[in-house]
1. Here are Leu100, Leu125, Leu108, Leu114: which of them is modelled with pLDDT of 80 or more, more than 23 Å from Ala12 (Cα to Cα) and open to solvent by 20 Å² or more (accessible area, probe 1.4 Å)?
2. Among Val204, Val134, Val161, which is the only one that is modelled with pLDDT of 90 or more, of a type in the set (A, V, I, L, M, F, W, C), in a helix (DSSP H, G or I) and buried (at least 18 other Cβ atoms within 10 Å of the Cβ)?
3. In the range 164-174, how many residues are modelled with pLDDT of 90 or more and open to solvent by 70 Å² or more (accessible area, probe 1.4 Å)?
4. For residues that are under 18 Å from Ser92 (Cβ atoms) and surrounded by 21 or more Cβ atoms within 10 Å (Cβ to Cβ), tally how many sit in the range 24-40.
5. Would you please list the contacts, defined by Cβ atoms under 7 Å and residues six or more apart or on different chains, that run from a residue in the range 41-59 that is more than 16 Å from Leu229 (Cα to Cα) and surrounded by 13 or more Cβ atoms within 10 Å (Cβ to Cβ) to a residue that is at pLDDT below 95 and small (Gly, Ala, Ser)?
6. I'm trying to understand the selection: among the residues of the range 96-125, which are of a type in the set (A, V, I, L, M, F, W, C), in contact with a helix residue (DSSP H, G or I) (Cβ under 8 Å, 6 or more places away or on another chain), part of a helix (DSSP H, G or I) and within 30 Å of Ala154 (Cβ to Cβ)?
7. Only one residue in Ala51, Ala43, Ala19 is part of a helix (DSSP H, G or I), within 20 Å of Cys199 (Cβ to Cβ) and touching an Asp or Glu at 6+ places or on another chain (Cβ under 8 Å). Which one?
8. Quick check on this structure: which one of Leu79, Leu106, Leu72 is under 25 Å from Gly287 (Cβ atoms) and among the aliphatic types (A, V, I, L, M)?
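The values are calculated or read from the model by the stated rules, or taken from the named source; none is laboratory data. Everything quoted here is computed from the prediction, not taken from an experiment. Cβ placement follows ideal geometry from the backbone for every residue including glycine, while neighbour counts extend to all protein chains displayed. What goes into the accessible areas is simple: the full protein's heavy atoms, side chains included, and nothing from ligands, DNA or RNA. Shrake-Rupley method; radii C 1.70, N 1.55, O 1.52, S 1.80 Å.
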Amino acid sequence: MATGLVLATLGAIAFSGKAIIVKLAYRYGVDAVTLIMLRMLFALPLFALMAWWAGRGKPALTGRDWIGVIGLGFSGYYLASFLDFAGLAYISASFERLILYLNPTLVLFFGWLLYRRHPTRPQVLGMIVSYAGVLLVFGHELWTGGGGKGGGAAAWGAFLVFLSAVSYAGYLVYSGEFVKRLGSLRLVGLATTVACVLCILQFVLTRPMSVAMDVAPEVIWLSVLNATLCTAVPVLMVMMAIERIGPAMAAQTGMIGPLSTILMGVVILGEPFTPWIAAGTVLVIAGIFVFTRKGR
C-alpha cells in the first residue's frame, strides 16, 4: 500500500506541474497552438509505445472500437488539453487547477443528464461547497483584473478551462465501456496517440512550419519536460497506483494536486498567495472530499 500511495502522490504532483511549465513557456512569446503541438510531438512516441505494449497478444480493434478511441482521444486529450492551454494564457496556474478539480462534479452531472443517476445529499453539499470556492477565487480574479490582464481576460480564461474540464468529464463518462473492452492502459495509449496526431495536424493546418523553428530553445526543453515528466510519466504512475490501492484511494491522494500547483506557482512563477486563494482552495478541496467520500 505504501508504494501505491507514493506513486499516486508523485503522479498528482507531476500532473500539477503541467500548468507551471505552460506558464513558463508563455513567457517566451509562444502561442497555445504551437506549445501544445510541441508537447504532443515529444509525447507521441511514448504513448504509441504504451499502446503497443498494452495491446500485445490482444485482439485487433474493430471498426467500432476505432470510432470510440478517436472520439475519446478528441474529447479527453485533444480538446481538453487545447482549451486548458489556451485558458492558462489568461489566468493563474492556481486558479486553473481549482477549476479542473471540479471534474468529479461534472461527471456526476453528465451521469444525471444521460442516465438519470440522481445525486445524494452529500454529493450536492460537496458540489455547493466546491463551486463556492471557485467562485470566491473567480470573484477575486475579476476584482483584481486577472493579474494585470483585465477582468474580461480572466473571465475568458476561466471559461476556457471550465470547458476543458467539461470535455474531459465527457471522456470519463463514455470511456467506461471501452476500458472494459480494451483495458485502461491500452485505451489511454491509443486515445492519447490520437490526440497527439490531432494537435500536430492542427498546427500544420494553421501555422507555417517556420513558427516551430523560431521558438526559443527554452520552449523546446520545457515542452520535452512537459511531455515526459508531466504527461507520460504521471499516467503510468497513477495506473500503477490504482492497481495497488484502488481508484478511490488514488483519487483521494490526488487532492494534493491543487496544493502542489499553488506552491509551485508561488515559488516558481511568483504568483501571489492571497487569503482569497487560500479560502477558495480550502473550500474546493473540502467540497470534493465530501463529494467523493460520502457520495458513493
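1. Working: Leu100 fails: more than 23 Å from Ala12 (Cα to Cα); Leu108 fails: more than 23 Å from Ala12 (Cα to Cα); Leu114 fails: modelled with pLDDT of 80 or more.
Only one candidate qualifies: Leu125.
2. Only one candidate qualifies: Val161.
3. Count: 0.
4. Qualifying residue count, the range 24-40: 2.
5. Every condition considered, the pairs that remain are Ala51/Gly189; Ala54/Gly183; Ala54/Gly189.
6. Listed by number, the residues that qualify are Leu98, Ile99, Leu100, Leu106, Val107, Leu108, Phe109, Phe110, Leu125.
7. Details: Ala51 fails: touching an Asp or Glu at 6+ places or on another chain (Cβ under 8 Å); Ala43 fails: touching an Asp or Glu at 6+ places or on another chain (Cβ under 8 Å).
Within the list Ala51, Ala43, Ala19, the selection yields Ala19.
8. On the way: Leu79 fails: under 25 Å from Gly287 (Cβ atoms); Leu72 fails: under 25 Å from Gly287 (Cβ atoms).
The unique qualifying residue is Leu106.
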